[in-house]
Amino acid sequence: MKALARKKREASSGGNAPWLNTFADLMNLLLCFFVLLFAMSDVDGAKFEQISVSMSNSFGIFDGGGSALGQGQLISSGMTQLNNLGQYFSNMGESSHKSDIENEGEFDPTTEENTQEGEGEEADITEAMEKIAEEMEAVSAEMYDKVSDLTEQYNLNDYVELSIDPEFQFVQLSLKGSILFNSGKAEIMEEAKPILSKIGEILQTFDGYTIEIEGHTDNVPMNSSTYKDNNWLSSARALNAAEFLIQNKKLDPTKVKYSGRGEYEPITSNATAEGRAKNRRIEIKIFNELSGK
């Protein structure tokens, strides 16, 4: 009985089993079907080559794994090739640098055109700035002549010194501090008010212009209970002068500025009494309309 059962098992698993014939026929039919499909298809040779090389680089299952797509160095499949990455990128940089050097002497019409346009723009800007400077100089000179005539008309030549800013932004009237104030004080002396009033009449002729009043002192330390230092004293003097002109000559307060500069902008040395007297002053600046102020 055992021998009979073993023969039946060998017969059922042998090479002549009926299901193997059916499976073989199915594989043949499928092979014929795919061959027929391939024969009917239109194969793109370029894409096939790219896919083949890509698969080769990734898995190494095709011959010719050393090929590359496009131009440039190939990093082939395999982890050992990662050691060459540094050299690969270095070579790329050298190639780019060499290319730049080789092309350095070549003429680029676009670059030449841009350079000419840039030089033209700079020339236009320079020319415009020169014209503005010339106009400012002419206007400031006209302002100076007008102030000079009015100063002479009001008999202020003994009290006022006139000057023009080197950059032609303003015309300046400078008064000695001793004319307007007592030593260490910021209140305008009564005998000085007619002088300041005449100056206000000159300023009225420049309605709409920016006017700046600055107070200056010498470097002698303050000894007063009212003002703790020269900055406070010079600021108070400038403010009092501005208020006098605004209230008595109706100057536009939005156009009048005032500040104290203390001892920090001397016009001469403080080593002598005469020099200190010159440094104690009030400056009134009438700004040119073209100055932007």
Legend entry - Test for Ile213: is it among the β-branched types (Val, Ile, Thr) and under 30 Å from Met129 (Cα atoms): yes
Inset, instruction - Show the residue pairs that are 6+ apart or on different chains and have beta-carbon atoms under 6 Å apart, the first residue being within region 223-236 and in contact (Cβ under 8 Å) with a residue 12 or more places away in the chain and surrounded by 13 or more Cβ atoms within 10 Å (Cβ to Cβ), the second being among the acidic types (Asp, Glu) and part of a loop (DSSP other than H, G, I, E, B). - result: Asn230/Glu263
Inset, instruction - For residues that are surrounded by 18 or more Cβ atoms within 10 Å (Cβ to Cβ) and either in a loop (DSSP other than H, G, I, E, B) or of a type in the set (Asp, Glu) (or both), tally how many sit in region 211-222. - result: 4
Inset, instruction - Could you list, in sequence order, all residues of region 237-263 that are among the hydroxyl-bearing types (Ser, Thr, Tyr) and either buried (at least 18 other Cβ atoms within 10 Å of the Cβ) or closer than 18 Å to Met189 by Cα (or both)? - result: Tyr258
Inset, instruction - Confirm whether Gly208 is surrounded by 20 or more Cβ atoms within 10 Å (Cβ to Cβ) and either among the aromatic types (Phe, Trp, Tyr) or not in a helix (DSSP H, G or I) (or both). - result: no
Legend entry - Only listed residue being among the hydrophobic types (A, V, I, L, M, F, W, C), at pLDDT below 95 and within 23 Å of Asp165 (Cα to Cα), chosen from Leu196, Leu290, Leu251, Leu203: Leu290
Inset, instruction - Could you check how many residues of region 228-267 are more than 15 Å from Leu175 (Cβ to Cβ), part of a helix (DSSP H, G or I) and among the hydrophobic types (A, V, I, L, M, F, W, C)? - result: 5
Legend entry - Residue list for region 161-184, restricted to those being under 19 Å from Ser234 (Cα atoms) and touching a residue at least 40 places away in the same chain (Cβ under 8 Å): Gln172, Leu173, Ser174, Leu175, Lys176, Gly177, Ser178, Leu180, Phe181, Gly184
Legend entry - Filter result for Ile199 (part of a helix (DSSP H, G or I) and either buried (at least 18 other Cβ atoms within 10 Å of the Cβ) or not acidic (Asp, Glu) (or both)): yes
Legend entry - Residue tally, condition more than 17 Å from Leu180 (Cα to Cα), part of a helix (DSSP H, G or I) and under 41 Å from the mean Cα position of the chain (by Cα), over region 268-293: 3
Inset, instruction - Would you point out the residue of region 158-196, among those that are touching a Lys or Arg at 6+ places or on another chain (Cβ under 7 Å) and not hydrophobic (A, V, I, L, M, F, W, C), that is surrounded by the fewest Cβ atoms within 10 Å (Cβ to Cβ)? - result: Ser178
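On the basis of being closer than 22 Å to Thr268 by Cα and in contact (Cβ under 8 Å) with a residue 12 or more places away in the chain, does Val147 make the cut? Show your work before the answer.
Numbers: closer than 22 Å to Thr268 by Cα: no; in contact (Cβ under 8 Å) with a residue 12 or more places away in the chain: yes.
In short, no.
The values are calculated or read from the model by the stated rules, or taken from the named source; none is laboratory data. Quick caveat, the model's predicted, so the values are computed rather than measured. Glycine also receives a Cβ, built like all others from the backbone with ideal geometry; neighbour counts cover every protein chain displayed.
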